[in-house]
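Peer 1: Take a look at the following structure, please.
The values are calculated or read from the model by the stated rules, or taken from the named source; none is laboratory data. Since the structure is predicted, the reported quantities are computational estimates derived from the model, not experimental observations. Quick reminder, even Gly has a Cβ in these numbers, built from the backbone with ideal geometry, and neighbours come from all protein chains shown. The area values use the complete protein model at the heavy-atom level, side chains included, leaving out ligands, DNA and RNA. Shrake-Rupley method; radii C 1.70, N 1.55, O 1.52, S 1.80 Å.
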Amino acid sequence: MHEPEVLTGTNVSNVHHPSITPYLPAKDKATGTAILIAPGGGHSKLCLGHEGDSLAQWLADHGVAAFVMRYRLCREPDSEYTLDGHAMDDTRRAIRMIRSHAEAWNVTPDRIGILGFSAGGELAAYSAMNPLPGDLQSEDPIERVSSRPDFQGLIYPGKSSTFTVSPGMPPAFIAFGYHDREDIAYGMAKVYLKYKEAEVPCEMHVYSEAGHGFGFRANSQTAAGRWPERMLEWLIDRKLLSESPAATD
């Protein structure tokens with residue numbers, strides 16, 4: 001517990017103290033919408049570069065408050081952490097923390113979503129599937145608010161066969177590559193149909209020239225690389241983003 005995190009390039013491992021790093025837009029650009037970002041990395045590391053900080057900064061530049069989550073990793077060597085336990089506890093706590101600090105961070109409490117890449121996409125999906133209500137009797141003010149995300153972004157998530165959809169779940173935005181592995185390239189198409197059958201609003205983008213891990217890079221000119229623009233358009237359509245965000249120069 002007293003060991004520091006290990007940074008290898010832009011990847012982080014050995015996370016024992018989960019945290020969120022805020023990227024807040026300027027007050028005159030803030031839209032009130034917030035997104036918690038869960039980076040991928042196969043639950044053995046966190047890819048904070050193309051699946052974390054760069055996207056968070058881009059979102060902040062476009063008026064959306066972003067928070068990059070460092071969660072405990074269940075597949076590191078000798079890890080005693082679990083996905084359903086520790087990693088999901090970290091995810092729910094992060095959503096609650098953003099909601100409980102909404103006023104201070106200039107965020108609208110009912111426009112807080114989660115977006116996850118790959119392994120982080122699993123956490124995003126599970127947080128929408130199994131949210132916990134706030135405990136009004138808790139002495140901890142963070143625990144008094146709900147962990148339910150108001151929307152979810154599932155960017156090439158794993159474990160699609162474990163995803164369930166029920167009426168009333170948060171709307172979903174899905175993006176993945178045609179050349180990804182079968183549990184994603186086929187599996188997420190099947191998940192979209194589950195959303196359709198449950199009448200939960202869902203938008204899906206399949207990029208014909210992409211595989212796994214395309215993430216976000218600010219200078220990308222590929223169709224897959226510009227998926228965040230499509231997500232902001234979707235948020236506006238869903239009235240989860242109150243106004244068209246403008247990028248900084």
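Peer 1: Checking Gly40 against (1) surrounded by fewer than 22 Cβ atoms within 10 Å (Cβ to Cβ); (2) within 12 Å of the chain's Cα centre (by Cα), only one condition comes out false. Which one?
Peer 2: Tallying (1) surrounded by fewer than 22 Cβ atoms within 10 Å (Cβ to Cβ); (2) within 12 Å of the chain's Cα centre (by Cα), Gly40 fails exactly one: (1).
Peer 1: Against the definition (open to solvent by 10 Å² or more (accessible area, probe 1.4 Å) and more than 21 Å from Phe163 (Cβ to Cβ)), how does Asp89 come out, yes or no?
Peer 2: Against the criterion (open to solvent by 10 Å² or more (accessible area, probe 1.4 Å) and more than 21 Å from Phe163 (Cβ to Cβ)), Asp89 does not qualify.
Peer 1: Restricting the first residue to segment 205-223 and requiring it to be within 15 Å of Gly116 (Cα to Cα) and part of a loop (DSSP other than H, G, I, E, B), which pairs with a second residue that is at pLDDT 95 or above and aliphatic (A, V, I, L, M) meet a Cβ separation below 6 Å and a spacing of at least six or different chains?
Peer 2: Phe214/Ala224; Phe216/Leu55
Peer 1: Only one of these conditions is not met by Ser242: (1) surrounded by 21 or more Cβ atoms within 10 Å (Cβ to Cβ); (2) under 20 Å from Pro109 (Cα atoms). Which number is it?
Peer 2: (1)
Peer 1: Tally time: how many residues in segment 97-139 are open to solvent by less than 20 Å² (accessible area, probe 1.4 Å) and within 26 Å of Cys47 (Cβ to Cβ)?
Peer 2: Residues in segment 97-139 being open to solvent by less than 20 Å² (accessible area, probe 1.4 Å) and within 26 Å of Cys47 (Cβ to Cβ): 18 in total.
Peer 1: Test Asp61 against the stated conditions and say whether it is surrounded by fewer than 24 Cβ atoms within 10 Å (Cβ to Cβ), out of contact with any helix residue (DSSP H, G or I) (no Cβ under 9 Å at 6 or more places or on another chain), over 15 Å from Thr21 (Cα atoms) and touching a residue at least 24 places away in the same chain (Cβ under 8 Å).
Peer 2: Answer is yes for this residue.
Peer 1: Related question: Kindly check whether there is at least one residue in segment 183-194 that is outside any helix (DSSP H, G or I) and of a type in the set (Phe, Trp, Tyr).
Peer 2: Checking segment 183-194: at least one residue is outside any helix (DSSP H, G or I) and of a type in the set (Phe, Trp, Tyr).
Peer 1: In contact with a helix residue (DSSP H, G or I) (Cβ under 8 Å, 6 or more places away or on another chain), open to solvent by 70 Å² or more (accessible area, probe 1.4 Å) and at pLDDT 95 or above: is that true of Glu209 in this structure?
Peer 2: In short, yes.
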